[in-house]
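Structure first, then comments.
The numbers here are math on the coordinates, done by the rules we state, and not lab data. Just so it is clear, the model here is predicted, and its values are computed rather than measured. Cβ: placed from backbone, ideal geometry, glycine included. Neighbour counts: every protein chain shown.
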Amino acid sequence: MSTQRESAPNTARRNEASRRAILMAAFDLVGEVGYAKLSIEGIAARAGVGKQTIYRWWPSKGAVLFDAFLALAEGSDDSSALPDTGDLQADLTTVLRATVEEFGDPRFDTPMRALSTEIAHDPALAEMYAERLDRPMRELKKERLRSAQRTGELPADLDLDVAIDLVWGPLHNRWLHRSGPLTPEYAEALVATALNGLRHASASE
């Protein structure tokens, strides 16, 4: 009886260990060989599992890479609510400066670009990204902006989706297209410029 009771937990632990090995292998390999040369077979070999194990949990290499990013965010305070010190400009500057730092990390740059490219070409992966990451993150951003509306820092009738696009969109666009340097100073200027417009915006205009 004790053997039967222990088998399920042991299996669960083995599955979790295999899952994490696969995710780390995908993340490391895409940085080494690039997304075009990344393969399920290569991930399986690096992780020490059979490729059927990967296909049992993920439909594509893009899905594996996406989950690798989510795994890295597990347990991180950056994935929870945005800071709310009562100073919206300071809080958004802190968030965007951290994003600039992340975009500038060579370990993350290649995998993030690969994932962005794949999302643009794979509707199923795009929906997975929207459901599991983009929409939850947008809601966290909206909640911080709602807090600013409650304190009068932003107009009560402001379109929050537009506001989010104005604050975060240019940073992502500059990174994705390499159209200019990503610096803390740029993050500060972006927040200041966006808020200058948003504070005078009105959804009824």
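Just how large is the dipole of the chain about the Cα centre, in debye to the nearest 20, putting +1 at every Lys and Arg Cβ and -1 at every Asp and Glu Cβ?
920 debye
At 222 nm, what value in deg cm²/dmol follows for the chain if DSSP H runs of at least 4 each add -39500 (n - 2.57) and the sum is divided by all its residues, to the nearest 500?
-23500 deg cm²/dmol
Evaluate the charge dipole of region 2-61 about its Cα centre and quote only its size in Debye, nearest 20, assuming +1 on the Cβ of each Lys and Arg and -1 on the Cβ of each Asp and Glu.
Roughly 140 debye for region 2-61.
Of the listed peptides 139-147, 120-128, what is their order by residue-averaged count of other C-beta atoms within 10 Å, with the highest listed first?
Output ranking for 139-147, 120-128: 139-147, 120-128.
Starting from the coordinates of the alpha-carbon atoms of region 2-61, obtain the Kirkwood hydrodynamic radius over all distinct pairs and give the value in Å to one decimal.
Across region 2-61, the inverse of the average 1/r is 12.3 Å.
How large is the Kirkwood hydrodynamic radius of the chain, in angstrom, based on all distinct alpha carbon pairs?
19.2 Å
Which one, Trp175, Gln52, Ala148, is farthest towards the positive end of the dipole of the chain when Lys and Arg carry +1 and Asp and Glu -1 on their Cβ?
Toward the positive end, the furthest listed residue is Gln52.
Only loop residues by DSSP count here, and only those with at most 16 other Cβ atoms within 10 Å; note down the trypsin sites (Lys or Arg not before Pro) in region 158-205 that meet that.
Filter output for region 158-205: Arg178, Arg199.
How do 158-164, 20-26 rank on mean C-beta neighbours within 10 Å, highest first?
Descending mean neighbour count gives 20-26, 158-164.
What percent do you get for the relative contact order of the chain when only Cα pairs under 8 Å and 6+ apart count?
20 percent
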